[in-house]
């Protein structure tokens, strides 16, 4: 079934610059650079309504800057993708070197920033800095994939974030059950996405769950997870599973019910007292 039309969709382009305009759309992505190199989206005002109404979807692109944008959408404000299943895995065109900075983000259906769930070409080196999340229907940041996608998600960092309201929570990591099953999945253990080097620091939150990182694979644990200098309020604190080299430090949140940290197959520093 054909998808709805995308508003702006450069494909196989070099030196794409989108600067200083406003867009409105409904029930489909607004801006979708695909297989592009050197992309800048700056000083944009983006509005959409309805499911699938993503703001900017970056798909198998290299060297991307999204700066000083005001995005309020029906679905993900910004989504980072790289293809799904064996098709994306064979092409092996990752999205890499992405900077998202000084943006104001809000969504009415899903996450403000989604990394995945189409990750079969790989995603690496994504930085999120100096951003304000005005409202997120689910999570402010959602890192997502599925068994059968394969490839990798690595070197994801975020700092200096202000999450004003996120009923779902600040951060969710789901690497085993997000998105539809691919018609031709990457088989066996090769199809389990690998993940490493996730870092989140200097974050102010008012949210549901602070961190939900339970849907991860014991076959390929996340190697490297850092949560440092977190303040604010949440209704539920931290759930982690299948992580190595975790670092929890200077986490000062109030208002949560139940245990501060629930962990399964986790190793690292600060797990006994991350405050």
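Read-outs: derived from the displayed coordinates by stated rules, not from any lab. Treat the numbers as computed from the prediction; the structure is a model and nothing was measured. Cβ: placed from backbone, ideal geometry, glycine included. Neighbour counts: every protein chain shown.
At-a-glance table
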{"read-out": "Percentage relative contact order, region 132-197, counting C-alpha pairs under 8 Å, at least six apart", "value": "51"}
{"read-out": "Label corresponding to P(r) over Cα pairs in 10 Å bins from 0, in percent when calculated from the structure given, among (i) 6, 27, 29, 19, 11, 5, 2, 0; (ii) 6, 27, 33, 22, 10, 2, 0; (iii) 8, 31, 37, 20, 4, 0", "value": "(iii)"}
{"read-out": "Computed label-point distance, nm, for sites residue 214 and residue 45 using a 7 Å Cα→Cβ extension", "value": "4.2"}
{"read-out": "Burial ranking of peptide ranges 215-222, 113-120 (average Cβ count within 10 Å, highest at the top)", "value": "113-120, 215-222"}
{"read-out": "Mean Cα-pair separation over length for the chain, i.e. relative contact order, pairs under 8 Å, 6 or more apart, %", "value": "11"}
{"read-out": "Residue exposure sequence - 9, 272 - by fewest surrounding Cβ within 10 Å", "value": "272, 9"}
{"read-out": "Region 72-141 shape via C-alpha gyration tensor axes, a/c threshold 1.5", "value": "oblate"}
{"read-out": "Relative contact order, percent, region 166-275 [alpha-carbon distance under 8 Å, six or more residues apart]", "value": "24"}
{"read-out": "Distance (nanometres) between label positions extended 7 Å along Cα→Cβ at residue 223 and residue 260", "value": "3.0"}
{"read-out": "Packing-based ranking, highest mean first, of 67-80, 242-255 given that Cβ atoms within 10 Å are counted", "value": "67-80, 242-255"}
{"read-out": "Sorted by Cβ density within 10 Å, fewest first, the residues 189, 212", "value": "189, 212"}
{"read-out": "Inter-probe distance in nm under a simple model that places probes 7 Å from Cα toward Cβ, at residue 63 and residue 38", "value": "0.5"}
